[in-house]
Amino acid sequence: MAQPNTQKESWGTQIGVILAVTGSAVGLGNFLRFPGLAAQYEGGAFMIPYFVALLVLGVPLAWAEWAMGRLGGSRGFNSTPGIYRAIWPNRASPYIGVLGMIVPVVIYMYYVLIESWCLAYAYYFLDGSMAELGKKAALPGGGFNKQIYIDFFNSFTGSLENGALTAAGGWAPLAFLAVCFAINFWLIYRGLSKGIEKFCLWAMPALIVCAALVLVRVLTLPNVTEGLGFMWNPRTENVGFVQSLMNPEMWLAATGQIFFSLSVGFGIIITYASYLKKDDDIALSSLTSCAGNEFCEVALGGMITIPAAFLFLGAAQVTAASGSAFNLGFNTLPMVFESMPLGRAAGFLFFFLLFLAAVTSSISMLQPAIALLEEGLGLNRRSSATLLGFVTLMGTGFLFYFSKNSVALDTFDFWIGTFCIYLLALFQTLLFGWVLGIDRGMAEIDRGAKVRVPRVVGYLLKYVSPAYLSIIFLSWFYKQATVQEGNRFVAIFKDPTVAMAVVFIALVAGLFLLLIGQSVRRWNQHREAQT
Amino acid sequence: MTLGGWVVMLLSVGGVTAWFSWCVYQVLHEPGATRKMHSQIDIDTRDRG
């Protein structure tokens, strides 16, 4: 009887683990948000705070989150408020965990909207609409009329006017959003299963291969070195290099992007880590996830979108802070696909695979809140998912209606996707370094580890990371206090859409604070019953 | 593209590629890594109901 081919099986399992670990981190942030932000802050200058944040904050804090999550799980808690309470038995700690609720839930509200744009663009490549657009945009002497693509995107997303998507009677944006929402909640109701994992295991390499092919096309465009120079030259158009590095908003944005991209300071890692066994590896898993994410972000996402955007849209359009950071890819990539052989197939494949990568990210965003509702209020998964479905539908609906210039989306993305993630990350570094302590914290990281994490990481988390975060935060606050233009606080009082978006975020936070309060009462009753 | 730009680009892209390659090598050569490594996609939250 023939022996089974255990060598092949072993290789397949190993590759599968690498793809699963990488696929968990890869999503819209790599191919859309990062290029948009890097372009806004003129590429080369942005990469310095980006890499500093990656090494000093992103990777160490990812390890810390996995460690604290697994520790909290061993003490019977899976939600961020519960885990914080287990590590720091203080009255305030579960309520600080509200950040671990509103960050993933509010980000989900706009993430699923952008996911629907990916699905729509994939569909439009498949049904030939993009090819028709390409014919309309083609210029006699070669090249494209970029305004055709920009107008198409603005029309589809309702950028021209609030309520544009509901007033015009067009069904398409709403239909794609409804399909995305339905797919997300169908998967959330079922819970992630081996089927989803196996499905992602071919989608991830397919996305990387597709992105690599698009990269080859971009790198063979005429004058591509000018586009690459825009991305990588350590200079800016308007101010000197050193002066450009003194912009605290850029440091805040770069740090926020690292956190967003690695899912650190999100509340997601700490929740999922709580389900791990004591001797499961977190060191190599986390490191591989971060490395795979950065490969997709810097080597693929950044190299594709920004040079192409510079060449097709021009520097002025690229650096103009118009709308959300996510918009750049949708304005640029269709022109790249139009200019390449089999562009229709490549465009469909790229946006569809991006949609799949986004789905695996978005369904994980609701697990933190589900965990709180289950362990704090005693609800089952279906009831928790139903309640969350209602809350997130309100938020996504708000963004769908208030679509003008993507102001509402950008407001959510800044206050939650940058500011609150920042606060949560700062709290977690302090929790790990000063409450749990670096000896216990590093021992937790080392347990079951397949690589040895350098001891210096503990000292980074205790001393360097909080100082780094605090300095940038205070610098940003100081700049906000002294300038009017681009002032996020002034915008709340000047722009009604911004004000409504901030009020909505506050209402969601209020709701979760009530739920956390109820959960704390329940946990206290349970503890008293046991003693 | 300036010389500085080429240096920054090659260091950045080369760095993340080398880092990812090293991680892949570690996974492939570390005994038992696959049984103990996990990600959000494959972690069982044990709450199907």
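Roughly how many Å is it from the Cα centre of the range A:385-439 to that of the range A:125-191, as a whole number? A separation of 26 Å, based on Cα centres.
Rounded, prolate or oblate for the range A:358-415? Axes are the square roots of the Cα gyration tensor eigenvalues, ordered a ≥ b ≥ c, and the cut-off for rounded is a/c under 1.5. Taking the square roots of the gyration eigenvalues as a ≥ b ≥ c, the range A:358-415 is prolate. The B-A contact accounts for approximately 4300 Å² of buried accessible area, totalled over both chains at a 1.4 Å probe radius.
Ranked by solvent-accessible area (1.4 Å probe, protein heavy atoms only, all chains present), the residues B:His29, B:His38 order from largest to smallest as B:His29, B:His38. Two tests apply to each whole DSSP H helix in chain A, Cα reach of 20 Å or more along its axis and mean Kyte-Doolittle hydropathy of at least -0.5, and the ones passing both are A:6-25, A:59-74, A:99-126, A:172-190, A:194-219, A:248-262, A:343-365, A:381-401, A:465-482, A:496-530. Assign one of three labels to chain B, namely rounded, prolate or oblate, based on the Cα gyration tensor with a ≥ b ≥ c the square roots of its eigenvalues; rounded applies when a/c is under 1.5, prolate when it is not and a/b is larger than b/c, and oblate otherwise. Oblate, since a/c reaches 1.5 and b/c is not below a/b. Of the whole protein surface, A:Lys146 contributes about 60 Å² of accessible area at a 1.4 Å probe radius. For the set A:Tyr108, A:Tyr478, the ranking by accessible area, highest first and with no ligand, DNA or RNA atoms included, is A:Tyr478, A:Tyr108 under a 1.4 Å probe.
With each run of n ≥ 4 DSSP H residues scored as -39500 (n - 2.57), what mean residue ellipticity at 222 nm is computed for chain A after dividing by its residue count and rounding to the nearest 500 deg cm²/dmol? -23000 deg cm²/dmol, from helical runs alone. Here is the tail figure for the range A:280-382: Cα pairs spaced more than 17 Å apart come to 69 percent of all pairs. Solvent-accessible area of the protein assembly as shown (1.4 angstrom probe, protein heavy atoms only): carbon and sulfur portion equals 64 percent. Stretched out straight at 0.36 nm per residue, the stretch from A:Leu55 to A:Asn90 would grow longer than its current Cα-Cα span by 9.5 nm.
Computed over the range A:322-453, the P(r) tail beyond 25 angstrom holds 55 percent of alpha carbon pairs.
Here the mean projected area of the convex hull built on the C-alpha positions of chain A is 27.2 nm². The listed residues B:Trp19, A:Trp434 rank as A:Trp434, B:Trp19 when sorted by accessible area, largest first, using a 1.4 Å probe.
Between rounded, prolate and oblate, where does the range A:17-94 land on the alpha carbon gyration tensor, with a ≥ b ≥ c its root eigenvalues, rounded for a/c under 1.5, else prolate if a/b exceeds b/c? Prolate, since a/c reaches 1.5 and a/b exceeds b/c.
The values are calculated or read from the model by the stated rules, or taken from the named source; none is laboratory data. This is a predicted model, so every value here is computed, not measured. Please note that ligands, DNA and RNA were not included when accessible areas were found on the heavy atoms of the full protein model with its side chains. Shrake-Rupley method; radii C 1.70, N 1.55, O 1.52, S 1.80 Å.
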